[in-house]
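Okay, so here's the structure we're looking at.
No value in this document is a laboratory result; all are computed from the given coordinates. These numbers were taken from a predicted model, which means no experiment stands behind them. Cβ coordinates were reconstructed from backbone atoms using ideal geometry, including for glycine residues, and neighbour counts include every protein chain displayed.
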There are 2 protein chains.
Amino acid sequence: MLADGVCAQWARLVVVGDRRVLELGQQIAGVELAVQTAASPLEARWDNEAVPIVDMNNIDPCEVPQGGVSPKAGRAAGETLVHMTELAQAGELDAITFAPLHKKALYSGGFEYVDEHAMFADLTGWEDYYSEVNVIGDLWACSVTTHIPFRDIMTQLDEQAIFDTIVLVHETRQRFGTPDPRILVSALNPHAGDEGLHGDEEQTMIEPAIERACELGIRAEGPYPADTIFRKAFAEDCDAVVSMYHDQGRVATKLKGFLKGVTITAGLPVVYTTPAHGTAYDIVGTGTADTGALVEAVRLAARLARRPIT
Amino acid sequence: MLADGVCAQWARLVVVGDRRVLELGQQIAGVELAVQTAASPLEARWDNEAVPIVDMNNIDPCEVPQGGVSPKAGRAAGETLVHMTELAQAGELDAITFAPLHKKALYSGGFEYVDEHAMFADLTGWEDYYSEVNVIGDLWACSVTTHIPFRDIMTQLDEQAIFDTIVLVHETRQRFGTPDPRILVSALNPHAGDEGLHGDEEQTMIEPAIERACELGIRAEGPYPADTIFRKAFAEDCDAVVSMYHDQGRVATKLKGFLKGVTITAGLPVVYTTPAHGTAYDIVGTGTADTGALVEAVRLAARLARRPIT
């Protein structure tokens, strides 16, 4: 991705990380990169082929296992994300794209958050609503609850949270350049409860949240049964799907676009994007990784930052 | 489907229902069928073109709304299923295939079950474990809990229920003709709990159930994250997926095979199959219904009955 320069059309890239890891990556991918070290993004130059790197000098790849969970690697990843966030808050970065990270490694490295999105909210001092959004082609997907135990879903799901998610998706999609997005909202119960036969949260929580959103002029509709909503969304002219919980949304998006999906942390003052796929420890070092989703993550980050290349 | 005789290669069909509904269906589909009325399947003959029908004479299609939920239609559907079950128990039918039915209509028609599978279990006096299985091509999918409110899933999910479902899928698949089926078992929590970070039911319930199944010689494996298990199942040589709850399994199967999927009620002494898609009230009377799943449902029913055509 760095070697073929494909992202230069959208963004001026600065790598933030350990230079030794970048060198190892070149070996594995079988490419050679000219690299320039920059103390900060402000010092980086894009008038030549050399890829700028802010060298964190915080992890020797020889000291951690490849293709496994390591607290040391998790700490280095966390430190890097902290530094990038500081750079973004200082105006030196317009957006942050990070490669897939392992939540457990991050946690064991001392960053004890339920996921990276909670970490970013904490780092940016954000106390309002935020959520991750999954992007597959033209379709966005967001769930009201995400990385929590299944048994806790019902305690965190209510009308307000559903409403907040609809508004967040609407506003983020607008920021992305879709003035009047159409948003499908999922049911919670099987077959949307079969008219009250299998649960009533459609009537008590979801419909009221949709109505409130519609009153604000948002094009939200539903609730639609979760097992066919993505079929509808992919078939029709639709911009986003709001699901109630993680797997309800992810099954479809991962099935449709495993290698292309991107995750956005939506709602925060800093733009974060990352490939939606996982760390793929099983193919580490084989040189077979597909960079499609990472490239797409950079493209989306650039579009969300909306700062034209000068 | 009746007009083109496609199912004759697998089964000797008898229609059970109201003759006037079959006539209306012919008008809509634009076909003409020769029909013979039989008091029971034992009287039916297959040595000519005429389709045998056991005329229930229990519903005038002019008296119920087309494309809507009607208690009268639900009662007629329920009566027909009761009669077919009696015929099967008497040895006059080897298997039952029914067109999509509306659970709420059935319920309002006086058959107050959570779904048709519970009704069939009651009708056959079955008190042991049973479940519905969804079939998409060569892949079978079954969930431990099905048509219950989402909030009740955690109260009904335990090691025994998971174990029972694995065994049921294994045995039904064997009956279908797969001697040593490979069964993937889904996790419950997002990312299979990220090693305990988001819930521990993988360790406390699912792994023990898989281990018990393996001790019986069943090729069960997992738990695999729900958002990628179907991707794995479709890509690899795999016979079945066991999910923990309805939408976890149905999102993928409906996305993959909306028009071809079949549902089997597995575990009961009588074979029941039906298309996995819904009643499609929106296209009633348009003559555009695709019979693919119904044909497939007959084919599977015949194979499960395993009684060669004589």
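Model label points for B:A235 and A:A90, set 7 angstrom from Cα along the Cα-to-Cβ axis, are 4.1 nm apart.
One equal scatterer on each Cα of the stretch A:224-310, no solvent, Debye formula: the resulting log10 I(q)/I(0) at q = 0.25, 0.26 Å⁻¹ is -1.28, -1.31. Computed from the Cβ-Cβ distance with R0 of 56 Å, the FRET efficiency linking B:D158 to A:Q36 stands at 0.45.
Of the peptides A:25-35, B:83-93, the order by per-residue mean of other Cβ atoms within 10 Å, starting with the highest, comes out as B:83-93, A:25-35.
Chain B residue nearest by beta-carbon to the axis mapping B to A, with distance in Å: B:V251, 2. Assuming a viscosity of 1.306 mPa s and a temperature of 10 °C, what translational diffusion coefficient in µm² per second does Stokes-Einstein assign to chain A, Rh being the Kirkwood radius over Cα pairs? It comes out at roughly 77 µm²/s. Angle of helix B:292-305 to the longest C-alpha principal axis of chain B, folded into 0 to 90 degrees and rounded to 10: 80°.
Can you give the calculated 222 nm mean residue ellipticity of the protein assembly as shown, where each DSSP H run of n ≥ 4 adds -39,500 (n - 2.57) and the sum is split over every residue, rounded to the nearest 500 deg cm²/dmol?
Working: 20 runs with 216 residues, N = 620.
Value at 222 nm, helices only, nearest 500: -10500 deg cm²/dmol.
Position A:L33: other-copy label points at 6.6 nm, ordered by increasing distance, label point 7 Å along Cα→C-beta.
With the convex hull of the Cα atoms taken as the outline of the protein assembly as shown, the averaged projected area works out to 30.0 nm².
Could you please report the charge total around A:R182, scoring K, R as +1 and D, E as -1 over all other residues with beta-carbon less than 15 angstrom from its beta-carbon?
On the way: positive: A:R173, A:R219, A:K232; negative: A:D138, A:E171, A:D180, A:E221, A:E236, A:D237, A:D239.
Net charge around A:R182: -4.
Compactness ratio for the stretch A:188-230: Cα radius of gyration over 2.2 N^0.38 Å (N = residue count) comes to 1.17. Of the Cα atoms belonging to the stretch B:41-179, the radius of gyration and Dmax stand at 17.7, 54 Å. Using a 7 Å projection from Cα along Cα-to-Cβ, the label point at A:D200 is separated from the same position in the remaining copies by 3.6 nm, smallest value first. With the simple model of a label 7 Å out from the Cα in the direction of the Cβ, A:Q27 to A:E127 spans 4.9 nm. Ellipsoid semi-axes for the stretch B:146-204, based on the Cα gyration tensor and the rule √(5λ), read 26, 15, 9 Å when sorted largest first.
Distances between copies of A:L216, taken at a point 7 Å out from Cα along the Cα→Cβ vector and listed shortest first: 5.1 nm.
How many times 2.2 N^0.38 Å is the alpha carbon radius of gyration of the stretch B:265-306?
Working: Rg = 12.7 Å, N = 42, 2.2 N^0.38 = 9.1 Å.
Taking N as the residue count of the stretch B:265-306, the ratio is 1.39.
Placing one equal scatterer on every Cα of the stretch A:1-66 and applying the Debye formula, the log10 ratio I(q)/I(0) at q = 0.21 Å⁻¹ is -0.90.
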